[in-house]
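Colleague: Below you will find the structure I want to go over with you.
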């Protein structure tokens, strides 16, 4: 029976001029054929892909695993998934720290991580102390400033655990940034000898009235600390 040899069903149809329906009926009548066909297919495919690697090594000795994967992607991924031990024995994966047969000195990531985490902390402190318009402290901005943008990816995150933890600790939520902006804007308005209006505060803070109204209690509390007064027509007036 051709199926026992793992011949593709489409080829069996063409070779014996039978329909897919006929093959299905045969499989229903003899269910053991499905298992036999599957096992034979695995054996046949395995031989095909192993032969591809052996041929590649004969023609291009000394080439790397990446070269084989580039030239024979199907065979490489099949062997890596179903026959990894055999693939490893004939074409070992490159070890970290090696390139073209020469040992590379691995960079010690721990000191880099420590230095980057300190940079994040200092940048956050400088931002909070600066007198000009605030800029939001986001995790992306902090990591980029520390030269640790690689930590934004899954693999890179493992290289900078301290830096990521520090960036997540000091990064501002949207609400925290809005409140910091409100404090800065009120301090700016405190220099002017006039009552606060909604228009003035929106213009200086670059915030919409809705945002200020949502934080009305906070606006009033901080304005009171600065001994500021509100225009009687202002929606924020206590």
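Values quoted throughout were computed directly from the atomic coordinates according to the rules given, and no laboratory measurement underlies them. Fair warning: this is a prediction, and the values are worked out from it, not measured in the lab. Using ideal geometry, Cβ is built from the backbone for each residue, glycine included, and neighbour counts are taken over all protein chains shown.
Colleague: Under 14 Å from a label point 7 Å along Cα→Cβ of residue 194: give me every residue in the stretch 206-231 with its amide N that close.
Modeller: Correct set: 229-231.
Colleague: Which semi-axes, in whole Å and largest first, does the equivalent ellipsoid of the stretch 174-225 have when worked out from the alpha carbon gyration tensor as the square roots of 5 times its eigenvalues?
Modeller: Working through the eigenvalues yields semi-axes of 16, 12, 10 Å.
Colleague: So how do 77-89, 53-65 stack up, highest first, on mean other-Cβ count within 10 Å? Show your work: numbers first, answer last.
Modeller: Numbers: 77-89: 14.4, 53-65: 12.7.
Sorting 77-89, 53-65 by mean packing, highest first, produces 77-89, 53-65.
Colleague: Treating the Cα atoms of the stretch 99-238 as identical point scatterers in vacuum, please give the log10 of the normalised Debye intensity I(q)/I(0) at q = 0.13 Å⁻¹, two decimals.
Modeller: -0.66
Colleague: May I ask you to compute the full-extension gain from residue 210 to residue 90, defined as 0.36 nm times their residue separation minus their alpha-carbon distance, rounded to one decimal in nm?
Modeller: Length difference between fully extended and current span is 36.5 nm.
Colleague: While we're here: In what sequence, highest mean first, do 191-203, 159-171 appear when ranked by Cβ atoms within 10 angstrom?
Modeller: Descending mean neighbour count gives 159-171, 191-203.
Colleague: Please report, to one decimal in angstroms, the Kirkwood hydrodynamic radius of the stretch 111-184 built from all distinct Cα-Cα pairs. Provide the component values of the computation, followed by the final result.
Modeller: On the way: mean 1/r = 0.0804 Å⁻¹.
Result for the stretch 111-184, one decimal place: 12.4 Å.
Colleague: For residue 63 and residue 149 in the same chain, what is the full-extension length gain: residue separation times 0.36 nm, less their Cα-Cα distance, in nm? Mind dumping the intermediate values first?
Modeller: On the way: separation 86, 0.36 × 86 = 30.96 nm, distance 3.31 nm.
Here the segment from residue 63 to residue 149 would lengthen by 27.7 nm.
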